[in-house]
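Since every read-out is calculated from the coordinates, none of them should be taken as a lab result. Just so it is clear, the structure is predicted and the values come from calculations on it, not from any experiment. Methodologically, a virtual Cβ is constructed for each residue, glycine included, from the backbone with ideal geometry; neighbour enumeration extends over all protein chains shown.
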Amino acid sequence: MRGRRAAEVVLFAPLGALATLAARLAGRRADEPFDDMAPGIGGLERRGSDGGDLPADTPVPAAAELAIEGYDHLAASQVIDRLATLTPAELSDVAAYEHSHKRRQVVLGRLAQLLP
C-alpha cells in the first residue's frame with residue numbers, strides 16, 4: 001500500500017504543480033478551475049456567467065455526509081488514497097463537494113479518472 005501511495009503522489013503532485021503554473025501563466029488564481037479547458041469533471045458542468053459551480057439541480061453533500069471521514073482536514077494525497085475504495089455514487093458526492101469547495105485540481109483529476 002505504501003508503494004502505491006508513493007506512486008500516486010509521484011504521479012499527481014507534478015500534475016498539481018503544472019495546473020498551478022498554467023494558472024499563473026494564464027493570469028488566473030491557482031485555485032480557479034480551468035473550465036474552458038475541461039468543461040466537465042465527472043459530468044459536473046459549470047453554469048456559466050452566473051458564477052455557479054454546478055448545475056442548479058446537482059445536490060452538494062455536506063462534508064459530514066461524505067464517505068471519507070474528516071474530508072475537510074485531509075491533504076489531497078490523503079484524499080486520493082481513499083478514492084479507490086469508494087462506490088461511483090460516493091465518488092460523485094466527493095466530486096460535487098470538492099468542485100464546490102476546495103477545487104484541488106489533483107483531486108478533481110483523479111476523480112475524473114475514476115468516474116464513469
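Only counting other Cβ atoms within 10 Å, I'd like 110, 82, 104 sorted with the fewest neighbours first.
In order of increasing Cβ crowding within 10 Å: 82, 104, 110.
Between residue 75 and residue 112, with labels modelled 7 Å along Cα→Cβ, what's the label distance in nm to one decimal, could you check?
Label at residue 75, label at residue 112, 2.4 nm between them.
Order the peptides 88-99, 67-78 from the highest to the lowest mean number of other Cβ atoms within 10 Å of their residues.
Per-residue Cβ counts within 10 Å, averaged per peptide and sorted highest first, yield 88-99, 67-78.
Determine ³J(HN,Hα), in whole Hz, for all residues of the stretch 88-102 in sequence, where each value follows from phi through the Karplus function 6.51 cos²θ - 1.76 cosθ + 1.60 and θ = phi - 60°; x replaces Gly and Pro.
x, 5, 5, 4, 4, 5, 5, 4, 4, 5, 4, 5, 8, 10, 7
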